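Shown next, in structure tokens, is the structure this report addresses.
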């Protein structure tokens, strides 16, 4: 395969989200053969199994975005030591109705940033548990528990020099993961 479409799921709706900034900056580290599209999860209704037979247009769009991708990146915030509800809601929608999940087999990378010293480590672990159940092969190493501090991003929104080598390594490993597992 010469090019890979990557669906990016940002687990935060906040306008000035560190995780959205990270997602935007991270793609600048990727080779041209990867194209990235942030998946809109802001307009999804709350998941209700009663709606499975007649899914909202926003849910259908979400499922098409995921189905059309060769890989996934989850950039998640951490709320109360877990993943944000908006991200879990999107994951649930795209996995339903039972037997019609669009997640299975899509290789993924998981990372996140927060002001706390351990970054989003707990949210990432919870997300990995959910993704495992959904048959999403998730890159195990390197883990990226990023603390938001001065210098993480430079003036143009790229990754700053103190974190560039680490995140370039993460991206290089992610690219190898995608190439290995994408069909």
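A short reminder: the numbers here are calculations on the coordinates, not readings from a lab. Just so we're clear, the structure is a prediction, and the values are computed from it rather than from any experiment. All Cβ positions, glycine included, derive from the backbone under ideal geometry; neighbour counts span all protein chains shown.
Close contacts from the stretch 156-176, counting a first residue that is on the phi < 0 side of the Ramachandran plot and a second that is in a helix (DSSP H, G or I) and surrounded by 19 or more Cβ atoms within 10 Å (Cβ to Cβ), with Cβ to Cβ under 6 Å and a gap of 6+ residues or different chains, come to 158/25; 159/25; 159/167.
Answer with yes or no whether residue 124 is within 20 Å of residue 39 (Cβ to Cβ) and either in contact with a strand residue (DSSP E or B) (Cβ under 7 Å, 6 or more places away or on another chain) or surrounded by fewer than 18 Cβ atoms within 10 Å (Cβ to Cβ) (or both). Taking the combined requirement at face value, the residue satisfies it.
For the stretch 1-32, filtering for residues that are touching a strand residue (DSSP E or B) at 6+ places or on another chain (Cβ under 8 Å) and free of Cβ contacts under 8 Å to residues at least 60 places away in the same chain leaves 4.
Yes or no: residue 133 farther than 26 Å from residue 167 by Cβ and over 17 Å from the mean Cα position of the chain (by Cα)? So residue 133 fails the test. Among the residues of the stretch 174-183, those that are part of a helix (DSSP H, G or I) and surrounded by 15 or more Cβ atoms within 10 Å (Cβ to Cβ) comprise 174, 175, 177, 178, 179, 181.
Note on the stretch 148-167: residues that are part of a strand (DSSP E or B) and surrounded by fewer than 18 Cβ atoms within 10 Å (Cβ to Cβ) total 0.
Taking the criterion of being in contact with a helix residue (DSSP H, G or I) (Cβ under 9 Å, 6 or more places away or on another chain) and assigned to a strand (DSSP E or B), the residues of the stretch 121-147 that qualify are 138, 145, 146.
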